[in-house]
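Below is one structure, written out as structure tokens, with a few remarks after it.
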Amino acid sequence: MIRIQYQTQRLSMRFFMLMLVLFFFQTGFGLLLAAQHIDPTLLSGLFNFNVVRAEHTNLGILFILAGFIGTILFVGPLLSKRELAAPWLIKFLFYALVAVVIWNVLTQLLAQQGIAGWWLGQPWLHEGLEYLEAGRVADIVILVGFSILCYVVLRTFPPVSEWNEIHWGLGLGVLALTLVWIFGLFFIERLDLQEYFRWYVVHYWVEGVWEVIHISLVGFLVVLMFDARIKTVGYAVFWGISLVWLSGLLGNAHHYFWVGTPEFWQFWGSLFSALEPLPLIFCFWHIYLDAHHDRKPIRNMPAFAFLLGSVVLEQVGAGILGFTMTFALTNVWSHGTWVTLSHAHLALFGTFGMLGLSAAYYAVPRMRGIRDFDQRVGKLAFWLVFTGMLGLAFAFAIGGTIQVFVYRTLGLDWFGGDVSQAMQVAKLLVPVFGLVFAIGVGLLVYDLMTIGHRGHSATMQRGVEVSTVPATHGWRRLLTGWEAGIWLLGMWVFGAIITLGLLSFNLSGVRAGSAFFPYLMAGIGYPGLFLVTLFFVWRFLSSLAARVTVPAEHASAPQVVVAQ
Amino acid sequence: MSCAPGEPCEEGRKRRTAIGVLGLMAVIFIVLSFASFIDSRVQAIPDAVSYTDYDAVQGKRVFQAYNCMGCHTIVGNGAYFAPDLTKTYAHVGPAWLEAFLPSAGSWPTRTAVQVQLQKPEVAQEAGVDSIQAYFDKFPAAAERVERRSAHASTMPDLPLSRDEIGGLIAFMKYTSEMDTEGWPPVPQVAGLTFPQALPMPAASAVESVSSPASGTVSAAPGNPAELGKKLALETGCTACHSADSRAGIGPGWGGLFGSDVELADGSQAHIDETYLHTAINTPDAQVAAGFNKGVMPAYANILDAEQVAAIVAYIRSLGGLEQ
């Protein structure tokens, strides 16, 4: 299984490496933003905050896309049982992606001079809209790139009559990725209409397309890692995608509460986006089931750790934190504050970023032809990145709660003075956790770039814990379905506390100036949620790491019967 | 929702059912979307909003070109690094924005706002013509002047042109008129005086040189150029005129004194004391080529002769041919 079955799978390597480079720079820009939050005059005039932020969000999107493309190219031949179609187009796609990244990083700087490159009524150099900062030139190249991806995927796949659910998920996913992008290609005069269509791209990408690609890829990675049956996993993928689309299509309404669109969206948005966590709970449950469908040890712990991190942070960041601010009555407070940053960072990096990293840890050692590698660096990097991101989410959430109170309840709007002064502790926590995260990223990039190139024979098998007796009690014992359910329940209890805290901003006492209740609820809810998340992942991975090693290469070794 | 081996899973039928339900959702979404943008729904549209000579669509292009939502938020979307701009126009009014935007790196003074209010078109947009009435109508402008006047802001100076500023104000006027369904919620307590709030202590204003309205120059320092420098800051000159030779909204002051300049009507003028006195008191009487009439307000009613002389002395101290 260490061989690469299809030579064109190797084309995914360059996209994984590009992903790492972009991720590295994205983290760097994030650290710079944290520093500018503390000293707003830092690099002012040279790299203004808005430019650095545009680089940060755009590189975030591009590194996630590079990870998706890499993963799709790696699994495409396995799914289709044949080589990828048109390898030369994939090579072209890679260079186009590199060119568009460099072009876009440079054109964002023009925002400081107010040069958008207006021609034919369109901004060709940069657009100045959050998440859609790229100008038309880059937009069109990206559209061409997506079309190439669609062509390659659909030409590689078998005929539609032979598709399983994973083919359907990925096929529809890449098509929708391309179609939805088109809604961001027009300058719109009305602000409400512009926001309406901007969320077509942003919301439907994340909740309609990326999540579908995510579910399909998680499903297939589970098939690869655990030899799960493709039909069973495919059936779960079908349900996941159905739930995502049925809740997410109308769930987009939660972006239309306050942007100048009518009040009735508040009803539809509150109702349907409250259902959006359902597919995520389903996905969460399935990763538990699939990881436990046999009791074999995990051969590639970093790959599985990032996969688990992806599904768990999807649950916590997208599911629970998204749920807390999805009702019109809570969103009216969280909207436009740091509270949303907490959700955005966990959901975007957690769900999609970690998926690409998981796939890279699975695919890169295989493509370099190594059987075992030193997993310690990868595991350490996972924990640094995971705790760093949870810490960042905590800092954003606490800062955001204070911001809501000072800015909205007290009505103080001097950001350089009153507001940032009140948020100071949270603002200082951001670079602290940011540094933890960044160290993790540095390790990760180093590890994935050099796996198989640094004398691995000496460190072979290092970091793989070997035990011969299954743990029957304690932290490392088998994780049962009941226990996993209790952990999940614990997360949701804290999520409910957070929701009540946001809701309490409506109370007349709070509106009259008492911050006690919302601060108390946030002070319990956020740390509680993030600690439960941290401990759950620790527990899950410990239990897997304690699995009895049955060296596959020693087929003659006696099989150990795993005790329940 | 799992399918054990051997069970009939009927994926095809379920997939068709799911697509059917999805279609129903899509129909609901499309109907709601259509109802959101029909004309009978009264919502401000940028085509119909203008501020003096500028329209809001033009302003929206400026707003995007400078990526304003990369720091600010608009209808709550953006970067949370700086205040939401949706209702800013309604809160601070046009004269404050006119005074602030040319050099956003520092907060405008009372006089700087007053000077903008002298322009008839600005006064007309504001609906008031005295500074006191303006502050009563736009208390947020009064708060900004009182607390931050002449101090550095954390916003970078942007190279905004006169037209871009007008467009931006038009755009903010448009967003102020938008119905955003009650968002942002209106505070029910006065944060500045609320006992549990901890607003930054009111920054002590730069030592007040004089109260230009009263027209008395108190204890003029021995060096009139020093006084002029303070006055230039206090009365808003530096928002548009830099101390070096770079042109902003108006010509840079560095090296200006003693030079020859071509006027908009094609004639030549020599920049001396007389020229500068006229330029400050009645700027539209002589406009340098490349600049427009009506941009600079007349200072005749704001500054007395002694104060104008001090500012002229300051400009002279910034260098020029006759130095």
Log entry, pairs with first residue in the range B:13-42 being closer than 13 Å to residue A:245 by Cβ, second being of a type in the set (Asp, Glu) and open to solvent by less than 40 Å² (accessible area, probe 1.4 Å), beta carbons closer than 9 Å, six or more apart or on different chains, reads B:15/A:165
Show the residue pairs that are 6+ apart or on different chains and have beta-carbon atoms under 8 Å apart, the first residue being within the range A:439-451 and more than 21 Å from residue A:371 (Cα to Cα) and open to solvent by less than 10 Å² (accessible area, probe 1.4 Å), the second being among the β-branched types (Val, Ile, Thr) and in a helix (DSSP H, G or I).
-> A:440/A:385; A:441/A:27; A:441/A:385
Within the range A:131-151, restricting to residues that are open to solvent by 50 Å² or more (accessible area, probe 1.4 Å) and not polar (S, T, N, Q), the one that is farthest from residue A:189 (Cα to Cα) is A:151
Tell me, yes or no, whether the range B:62-75 has at least one residue that is over 18 Å from residue A:187 (Cβ atoms) and within 8 Å of another protein chain (Cβ to nearest Cβ).
-> yes
The range A:212-263 - residue that is of a type in the set (Phe, Trp, Tyr) and more than 9 Å from chain B (Cβ to nearest Cβ) and, of those, nearest to the chain's Cα centre (by Cα) | A:220
Answer from A:130, A:165 - the residue that is among the acidic types (Asp, Glu), over 18 Å from residue A:204 (Cβ atoms) and within 14 Å of another protein chain (Cβ to nearest Cβ) = A:165
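Considering the range A:152-173 alone, what residues qualify as being in a helix (DSSP H, G or I) and crowded, with 17+ Cβ neighbours inside 10 Å?
Scanning the range A:152-173 gives A:152, A:153, A:156, A:165, A:166, A:167, A:168, A:169, A:170, A:171, A:172, A:173.
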Could you look through the range A:325-352, keep only residues that are assigned to a helix (DSSP H, G or I) and in contact with a Phe, Trp or Tyr (Cβ under 7 Å, 6 or more places away or on another chain), and pick out the one that is most open to solvent (accessible area, probe 1.4 Å)?
-> A:345
Just one of B:12, B:6 is assigned to a helix (DSSP H, G or I), over 21 Å from the mean Cα position of the chain (by Cα), modelled with pLDDT under 95 and more than 7 Å from every other protein chain (Cβ to nearest Cβ); which is it?
-> B:12
Taking only the range A:264-280 into account, find how many residues are part of a helix (DSSP H, G or I), away from chain B (no Cβ under 11 Å) and more than 16 Å from residue A:332 (Cα to Cα).
-> 2
Identify, from the list A:313, A:271, A:275, the residue that is within 15 Å of the chain's Cα centre (by Cα), closer than 21 Å to residue A:211 by Cβ and modelled with pLDDT of 90 or more.
-> A:313
Taking the range B:261-307, which residues are out of contact with any strand residue (DSSP E or B) (no Cβ under 8 Å at 6 or more places or on another chain) and either in the same structural domain as residue B:117 (by TED's automatic domain parsing) or touching a residue at least 60 places away in the same chain (Cβ under 8 Å) (or both)?
-> B:292, B:294, B:295, B:297, B:298, B:299, B:301, B:302, B:303
Taking residue A:115 and the conditions (1) within 14 Å of chain B (Cβ to nearest Cβ); (2) part of a helix (DSSP H, G or I), which numbered condition does it fall short on, given that it satisfies the others?
-> (2)
Could you list, in sequence order, all residues of the range A:359-369 that are open to solvent by 10 Å² or more (accessible area, probe 1.4 Å) and β-branched (Val, Ile, Thr)?
-> none
Is at least one residue of the range B:248-260 more than 22 Å from residue B:99 (Cβ to Cβ) and open to solvent by 50 Å² or more (accessible area, probe 1.4 Å)?
-> yes
If you check every pair at least six apart or on different chains, which have Cβ atoms under 6 Å apart with a residue in the range B:132-149 that is in a loop (DSSP other than H, G, I, E, B) first and a residue that is crowded, with 21+ Cβ neighbours inside 10 Å and not hydroxyl-bearing (Ser, Thr, Tyr) second?
-> B:138/B:92; B:138/B:93; B:149/B:107
All but one of (1) within 12 Å of residue A:250 (Cα to Cα); (2) among the small types (Gly, Ala, Ser); (3) surrounded by 12 or more Cβ atoms within 10 Å (Cβ to Cβ) hold for residue B:50; which doesn't?
-> (1)
Output the residues belonging to the range A:242-267 that are of a type in the set (A, V, I, L, M, F, W, C) and either open to solvent by less than 20 Å² (accessible area, probe 1.4 Å) or more than 16 Å from residue B:23 (Cα to Cα) (or both).
-> A:244, A:250, A:253, A:257, A:258, A:259, A:264, A:265, A:267
Please go through the range B:161-191 and pick out each residue that is more than 7 Å from every other protein chain (Cβ to nearest Cβ) and either free of Cβ contacts under 8 Å to residues at least 60 places away in the same chain or in a loop (DSSP other than H, G, I, E, B) (or both).
-> B:161, B:182, B:186, B:190
Test result for residue A:485, without any contact (Cβ under 8 Å) to a residue 12 or more places away in the chain and either within 13 Å of chain B (Cβ to nearest Cβ) or among the aromatic types (Phe, Trp, Tyr) (or both) = no
Going through (1) surrounded by fewer than 18 Cβ atoms within 10 Å (Cβ to Cβ); (2) out of contact with any Pro (no Cβ under 9 Å at 6 or more places or on another chain); (3) of a type outside the set (Asp, Glu) one by one, residue A:128 fails only at (1)
Would you pick out the residues in the range B:33-79 that are in a loop (DSSP other than H, G, I, E, B) and in contact with a Ser or Thr (Cβ under 6 Å, 6 or more places away or on another chain)?
-> B:75
Could you say which residue among B:122, B:113 is touching a Phe, Trp or Tyr at 6+ places or on another chain (Cβ under 7 Å) and in a helix (DSSP H, G or I)?
-> B:113
Hey, can you tell me all the residues within the range B:24-42 that are at the interface with chain A (Cβ under 10 Å from one of its Cβ atoms) and either over 52 Å from the mean Cα position of the chain (by Cα) or over 15 Å from residue A:193 (Cβ atoms) (or both)?
-> B:24, B:25, B:26, B:28, B:29
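The values are calculated or read from the model by the stated rules, or taken from the named source; none is laboratory data. Remember, it's a predicted structure, so these values are computed and weren't measured experimentally. Every residue, glycine among them, receives a Cβ derived from its backbone with ideal geometry; neighbour counts consider all protein chains shown. Heavy atoms of the whole protein, side chains included, go into the accessibility calculation; ligands, DNA and RNA do not. Shrake-Rupley method; radii C 1.70, N 1.55, O 1.52, S 1.80 Å.
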